[in-house]
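J.: Below are the structure tokens for one structure; questions will follow.
Nothing in this text is a laboratory measurement; each read-out follows from the coordinates by a stated rule. Since we're looking at a predicted model, the values are computed, not measured. Cβ: placed from backbone, ideal geometry, glycine included. Neighbour counts: every protein chain shown.
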Protein chains: 4
Amino acid sequence: MIRAGIIGSTGYAGQELVRILLGHKDVEIKWYGSRSYIDQAYASVFQNMFQLVPDICKGEDLEQLCEEVDVVFTATPQGLCSSLVSENVLSKVKIIDLSADFRIKDVDTYEKWYGIKHQSPQFIEEAVYGLCEVNRDKIKNARLIANPGCYPTCSFLSIYPLAKAGLIDMKSVIVDAKSGTSGAGRGAKVANLYCEVNESIKAYGVATHRHTPEIEEQLSYASGQEAVINFTPHLVPMNRGILVTAYANLVKDVTEEELRKIYEDAYKDEQFVRFLNAGVCPETRWVEGSNYVDVNVKLDERTHRVIMMGAMDNLVKGAAGQAVQNMNLLFGLPETEGLLMPPVFP
Amino acid sequence: MIRAGIIGSTGYAGQELVRILLGHKDVEIKWYGSRSYIDQAYASVFQNMFQLVPDICKGEDLEQLCEEVDVVFTATPQGLCSSLVSENVLSKVKIIDLSADFRIKDVDTYEKWYGIKHQSPQFIEEAVYGLCEVNRDKIKNARLIANPGCYPTCSFLSIYPLAKAGLIDMKSVIVDAKSGTSGAGRGAKVANLYCEVNESIKAYGVATHRHTPEIEEQLSYASGQEAVINFTPHLVPMNRGILVTAYANLVKDVTEEELRKIYEDAYKDEQFVRFLNAGVCPETRWVEGSNYVDVNVKLDERTHRVIMMGAMDNLVKGAAGQAVQNMNLLFGLPETEGLLMPPVFP
Amino acid sequence: MIRAGIIGSTGYAGQELVRILLGHKDVEIKWYGSRSYIDQAYASVFQNMFQLVPDICKGEDLEQLCEEVDVVFTATPQGLCSSLVSENVLSKVKIIDLSADFRIKDVDTYEKWYGIKHQSPQFIEEAVYGLCEVNRDKIKNARLIANPGCYPTCSFLSIYPLAKAGLIDMKSVIVDAKSGTSGAGRGAKVANLYCEVNESIKAYGVATHRHTPEIEEQLSYASGQEAVINFTPHLVPMNRGILVTAYANLVKDVTEEELRKIYEDAYKDEQFVRFLNAGVCPETRWVEGSNYVDVNVKLDERTHRVIMMGAMDNLVKGAAGQAVQNMNLLFGLPETEGLLMPPVFP
Amino acid sequence: MIRAGIIGSTGYAGQELVRILLGHKDVEIKWYGSRSYIDQAYASVFQNMFQLVPDICKGEDLEQLCEEVDVVFTATPQGLCSSLVSENVLSKVKIIDLSADFRIKDVDTYEKWYGIKHQSPQFIEEAVYGLCEVNRDKIKNARLIANPGCYPTCSFLSIYPLAKAGLIDMKSVIVDAKSGTSGAGRGAKVANLYCEVNESIKAYGVATHRHTPEIEEQLSYASGQEAVINFTPHLVPMNRGILVTAYANLVKDVTEEELRKIYEDAYKDEQFVRFLNAGVCPETRWVEGSNYVDVNVKLDERTHRVIMMGAMDNLVKGAAGQAVQNMNLLFGLPETEGLLMPPVFP
């Protein structure tokens, strides 16, 4: 039985981790960490867990925690994991960090986009970017996993096959992304009140969103070229789900059949990436509550561009589900263990 | 392995059955019945099942179906199951009928409220009302289960302990219920369009809703008195969930502690009924996607009334989940098998 | 031109007052009061007012304000208006208080239900309860108007005709009310975040909600009997709208036609109360953005009860619209001036 | 008093026309046309109009209608207006067509994208594209107005200043648009049911949507170059609102200040186009129920692209409001008459 601790278990991603791990036959949650609800019953914060989770919330003491568990998930804001991690900690437990602290290899880039000083640059090098579909082997032997961001996961997996195939101009990529409101977190802000979000859609962080360099870095690795992209996130009045609509210029003539063949080959062995039938657009409703990413591609001959689309649940494949997928790899379990729940509709 | 067939698998309740049974380790779905989508891929109707369900939709031929499976779920409109069932069918398979056809013991009452002639009155007597919490033993040996209605399940379980305890006037009960829109089905009607339902709430079927006699009958059994109630359903702009707020006059003086003791005793061994802590109101968000019913009770000393509240997912405990609970009992499996998924939030 | 000041103009009700008064040909808003946004542009708080309201938010100095305007609206939490009002103020301006401070004549009742000490009990007597449909004449000559609460307005107008006619048992009344989320205000609370409210419904304030004594008091006046009611509000995932479903025991035999005649007579001269056709249930979508209240009544012969229903926009007839209706009466304008905008659908 | 007739008054755009015209002091609606609801009370179809519209729905007989009114609005599907219009009709009334029939000057382009044969190509030449902000003078003298599409209005007004200024590559423009569900019309389709749209977002009509050539044609006029664009619409779970996020490559170096100056100059005299302050993104909630379009622009120096954004209410500026704006011009009224209602929030 893998003993797990969660720092940040009372955020939306942390709570989703709890939900998924409760259904994972090889894991026992030993530590429900929280900053705001210490000493309160977890189930009083999330009543869905009434009678399912009898535990009381504890704090964020990673040094103590690493004595009691085998794996720690940090589902916390940027900067916390990097301020807590140490050689001692890493020698005792696996760390799966759901924040951005170890996703970006270049510390200057991190500090510029996030506007904070990195607290543990010495661990950036060894941290493995936990996108299982591309880094499966490295993940197995890592001590520290940088769990990918929600937007980057969906953006990257939508674009990856064509980036790798060298078919698109990596400086022409435009990612127009749309997210449900759980992505904004559980903090009490006027902007996230029901009446402010409902019946509205808006772009935010235009040309400045922090997920931009993460997507660029991964696309650069995949394509072998420097990717410079436009990334525009939007807030959508729904709880869960991310939809990516990405555009790129083709660098050579290609048919839609050829495009489809490239996607099929790229994802034929992937259990969580579903390449949809021709003409079917991804919709977030079809992946809700699951670890699946639905992707598709469309050629526009008039403009010599491709439209690449992806849909996933931001809290599952975009956060907690992917974290468990990484944990499975770290502990030698089947990658899909505890993650095969079908999407919930409607 | 239990072989299951679903007639009406392309409605919302039918699709929820598919979702739940896909996660049930002892069941294999052999027949995806549908009236509207025969010969089409099930996953083209519900894209969430893409790559999970490779099957093609078949028709509603119960005589053929009963040769191929062990249990048939009929998730169809009123009147269909009773028109298909026969002694031959019942001799070969267990039938779990999610429609109202066999819920009401008095055929005149059924025909009056439903406005249709009952096609198989000869089977009403033996049919068992599949509310596991009260009819567990009878269910185990039944051939034909009348799976309870969504509103009746939530209404009854909210009121049951006080009805049974003889503490409330069974002619004073008022049930004000609120349901998500999946309860209205998947038929293409203007009234159920997004823009018609969104940003609105309304009562419907006031003093005439068909679930009224079903609730009355079960409350009469529980209390040993004739229950005559007001039942008012409302349509709420959300996908899933039923909330019941019920009122009744107390017939004797009682404290809130005594009331709570009665509920605790009634539900202490029930795995799917969660009696909440004092002061906590049930909310549908805390049960979504799960088979749980959350209930609570409040004494109003000023008016000498009790307010009894319940929340559940209409598609799970109110339909597909309860049907699987019944199936588990019918086949000697643990009652909770395949049904312990925690509620999905948010 | 009537010069108006709004204290609390940056709440939802305050902003709705701004919207309505911008379309009122006889009013000019001279003061946008706010506690949280002093010195900020009003249109930076509510971007819908960009280029329509060039003003900067000011504070809550009622003594200064009463020198500059003819009417002051206080759209603030309980306790503020009663702490600011004075004989000097009342001698100079009309006050329309959207809070509960002057709605309840018995100060003990107020202090018990609201849990605060009343700051100006000396003005309670003269304050007029601003429900135009029943107090039209008194309002015209008042200095201080207690603008009715949202739930009380809708509850009272749904029940009023039968209460006045003496047809219902005033101790049997049960009001089950449902409100959109703008009724919860614009404060930054976790409970009101999008993801917490969306896809859920709950009761709150069960048997303890502060609007209970307000409804009871007005129903007692109307019926000439002491009304003791159950009032249960619910939070609904929509921005605007209140729906009331009320139940009462009949004290004599009556036909539905007789019931309808009573409502027709009660409301035949009212411009903002629409008594719907037989069989049509009120729905909040049909009154959104307007000052209308839609009501209807249904006899349930089986239970000898009536079901009385009402729907209105909580921010208009339940707050800002009714306040303007009161203002029109106070200043001798046509009661409907600036209030005849048709409901916005969808 | 202008006498108006509406063909298609029982669709969402038609009903919005009714709402707006009821508040227009110079117009009287004489004819409520409908295909589905002939001889039924208009207010029984749209209960918001109860007691406000006493009229009965009539048919679509344009020849009869043109004898009785001064202006006809056709808020109908493609192909109807062009099949009804004639020289006789145009000699008697002004026609404002809310469908696409007369928006595209090249009949082959129309027939290719719409897949139907044009019924009145002889009137295409004289029809004026009713985008008041660019065709104000031509509109005043027209007999037949092609009211712009919802997506084209918002897309064009977001991009127009830079297209006209020659600053962007007209073959690089990508329009990623998001619309509320009222844009899908009031037809009873499974895809538009509440539970299918709620909690989801999807792209549709990718690379094939019919509004593409309309946007291209208008951008070509504005820029003097051939525009070839990508246009991708998305369905958003909200009733109203369109948000456009458009991207284009700059053809010369420019500062954000210069970009802002160009927008300011372009729209400084426009009453319904609000160029927002720097850093403020358009959001659909801020324009709901109003005729305003909010636009803004952002320079991305990293990618040498501009992001152009616009938000408006698809039923008002995108349909009925713009139609009334055109009517005002046609009849010599102030362009803003009946259209200055502030946006409704929340």
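J.: Please identify, among A:263, A:204, A:12, the residue showing maximal mean-square fluctuation in a Gaussian network model of chain A using a 10 angstrom Cα cutoff.
T.: Per the Cα network of chain A with a 10 Å cutoff, A:204 tops the list.
J.: Round to a whole angstrom and tell me the spacing of the C-alpha centers of the stretch A:13-33 and the stretch C:233-262.
T.: The distance from the Cα centre of the stretch A:13-33 to that of the stretch C:233-262 comes to 46 Å.
J.: Distance check, please: which entries in C:178/D:178; A:138/A:164; D:138/D:164; D:92/D:140 exceed 22 angstrom between their Cα atoms?
T.: On the way: C:178/D:178 31 Å; A:138/A:164 19 Å; D:138/D:164 19 Å; D:92/D:140 16 Å.
In this structure, C:178/D:178 exceed 22 Å between Cα atoms.
J.: Now for a separate question. Mean residue ellipticity at 222 nm from the helices of chain A, using -39,500 (n - 2.57) per DSSP H segment of n ≥ 4 over the full residue count, to the nearest 500 deg cm²/dmol? Write down the numbers at each step before the final one.
T.: Numbers: 12 runs with 104 residues, N = 346.
Calculated from helices alone, the mean residue ellipticity at 222 nm is -8500 deg cm²/dmol.
J.: From the label point of residue C:302, set 7 Å along Cα to the beta carbon, how far off in nm is each other copy's matching point, shortest first?
T.: 3.1, 5.8, 6.4
J.: May I ask which residue of chain A has the beta-carbon nearest to the axis carrying chain A onto chain D, and at what distance in whole Å?
T.: A:176, 2
J.: Another question about this same structure. Find every distance from the label point of residue A:257 to the corresponding label point in the other copies (7 Å from Cα along Cα→Cβ) and write them in nm, one decimal, shortest first.
T.: Listed shortest first, these distances are 5.7, 7.6, 8.0 nm.
J.: Taking a label point 7 Å out from Cα toward Cβ, give me the nm distances from residue B:38 to the same spot in the other copies, shortest first, one decimal.
T.: 3.6, 6.7, 7.5
J.: Over all alpha-carbon pairs of the stretch D:151-313, lay out the pair-distance distribution in 10 Å bins, whole %, shortest bin first.
T.: Each 10 Å bin holds this share of Cα pairs: 11, 39, 35, 13, 3, 0.
J.: If you take every DSSP beta bridge whose two residues both sit in chain C, what share of them, in percent to the nearest 5, is antiparallel?
T.: On the way: 26 of 54 bridges.
Counting DSSP beta bridges with both partners in chain C, the antiparallel share is about 50 percent.
J.: Whose amide H sits under 5 Å from the amide H of residue B:101, counting only residues 5 or more places off or on another chain, with H placed in the peptide plane?
T.: Here the answer is B:79, since their amide H atoms fall under 5 Å of that of residue B:101.
J.: Only sites in a loop by DSSP and with at most 15 other Cβ atoms within 10 Å count here; which trypsin sites (Lys or Arg not before Pro) in the stretch C:251-293 make the cut? Don't jump to the answer; show the numbers that get you there.
T.: Numbers: sites: C:252, C:260, C:261, C:268, C:274, C:285; in loops: C:252, C:268.
Passing both the DSSP loop test and the Cβ count: C:252, C:268.
J.: Using only the Cα atoms of the stretch D:60-170, build the gyration tensor, take square roots of its eigenvalues as a ≥ b ≥ c, and label the shape rounded, prolate or oblate: rounded if a/c is under 1.5, else prolate if a/b is larger than b/c, else oblate. Could you put the intermediate results ahead of the total?
T.: Working: a/c = 2.35, a/b = 1.62, b/c = 1.45.
Verdict is prolate for the stretch D:60-170.
J.: To continue, here is another question. Using modelled amide H (1.01 Å from N, peptide plane; none on Pro or chain starts), what sits under 5 Å from the amide H of residue C:59, excluding residues fewer than 5 places away?
T.: Sorted by chain and number, the residues that satisfy this are C:34.
J.: Right, another one. Apply 1/(1 + (r/R0)^6) to the Cβ-Cβ distance of residue C:253 and residue B:302, taking R0 = 30 Å, and write down the FRET efficiency to the nearest 0.05.
T.: Step by step, r from the Cβ atoms, then E = 0.55.
J.: Right, here's the next one. Over the whole of D:334-346, what's the average partner chain Cβ count within 10 Å per residue? Rounded to a whole number, please. Don't skip to the end; give the middle numbers.
T.: Details: counts 0, 0, 0, 0, 0, 0, 3, 6, 12, 7, 13, 16, 21.
That works out to 6 on average.
J.: For residue A:164 and residue C:264, what does the FRET efficiency come to when R0 = 45 Å and r is the distance between their Cβ atoms, rounded to the nearest 0.05? Could the numbers behind the result be given before it?
T.: Values: r = 73 Å, r/R0 = 1.63.
Step by step, r from the Cβ atoms, then E = 0.05.
J.: In addition: Taking only Cα atoms, what is the 0 to 90° angle, nearest 10, from helix D:256-267's long axis to the longest principal axis of chain D?
T.: Orientation of helix D:256-267: about 20 degrees from the principal axis.
J.: Let me ask you something else. Classify the stretch D:15-72 as rounded, prolate or oblate, taking a ≥ b ≥ c as the square roots of the eigenvalues of its Cα gyration tensor: rounded when a/c is under 1.5, otherwise prolate if a/b is larger than b/c and oblate if not.
T.: Working: a/c = 2.21, a/b = 1.11, b/c = 1.99.
Judged from the Cα gyration tensor, the stretch D:15-72 comes out oblate (a/c at least 1.5, b/c at or above a/b).
J.: While we're looking at this one, here's another question. Could you give the nm distance between label points at residue B:125 and residue C:55, where each point is 7 Å from its Cα heading toward the beta carbon?
T.: Between residue B:125 and residue C:55, the label points sit 7.9 nm apart.
J.: Right, something else. Among the aspartates and glutamates, which fall within straight-line cross-link reach of residue C:30, defined as a Cα-Cα distance under 17 Å, with same-chain neighbours fewer than 8 residues apart omitted?
T.: C:16, C:39, C:55, C:60, C:61, C:63, C:67, C:68, C:70
J.: Is there a simple number for the mean count of other chain Cβ atoms within 10 Å of the Cβ of residues in D:301-309, and what is it? It would help to have the intermediate numbers written out before the result.
T.: Numbers: counts 1, 7, 10, 2, 4, 2, 7, 0, 4.
Across D:301-309, the average partner-chain Cβ count within 10 Å equals 4.
J.: Looking at the square roots a ≥ b ≥ c of the eigenvalues of the Cα gyration tensor of the protein assembly as shown, which shape do they give, rounded for a/c under 1.5, prolate if a/b is larger than b/c, or oblate?
T.: Because its axes are fairly even, with a/c under 1.5, the protein assembly as shown counts as rounded.
J.: Related question: Suppose R0 equals 25 Å. What FRET efficiency, 1/(1 + (r/R0)^6) with r the Cβ-Cβ distance, do residue B:188 and residue C:189 give to the nearest 0.05?
T.: The calculated FRET efficiency here is 0.05.
J.: Give the average, rounded to an integer, of partner chain Cβ atoms located within 10 angstrom of each Cβ in D:36-48. Please report the intermediate quantities before stating the final value.
T.: Numbers: counts 1, 0, 0, 0, 0, 1, 0, 3, 2, 1, 6, 14, 14.
Rounded to a whole number, the mean comes out at 3.
J.: Okay, moving on. Pairs to check: B:261/C:171; A:268/A:298; D:189/D:317; B:171/B:268. Give those whose C-alpha atoms are more than 21 Å from each other in this structure. If you can, show how the numbers build up before the last one.
T.: Numbers: B:261/C:171 28 Å; A:268/A:298 18 Å; D:189/D:317 26 Å; B:171/B:268 28 Å.
Where the Cα-Cα span goes over 21 Å, the pairs concerned are B:261/C:171; D:189/D:317; B:171/B:268.
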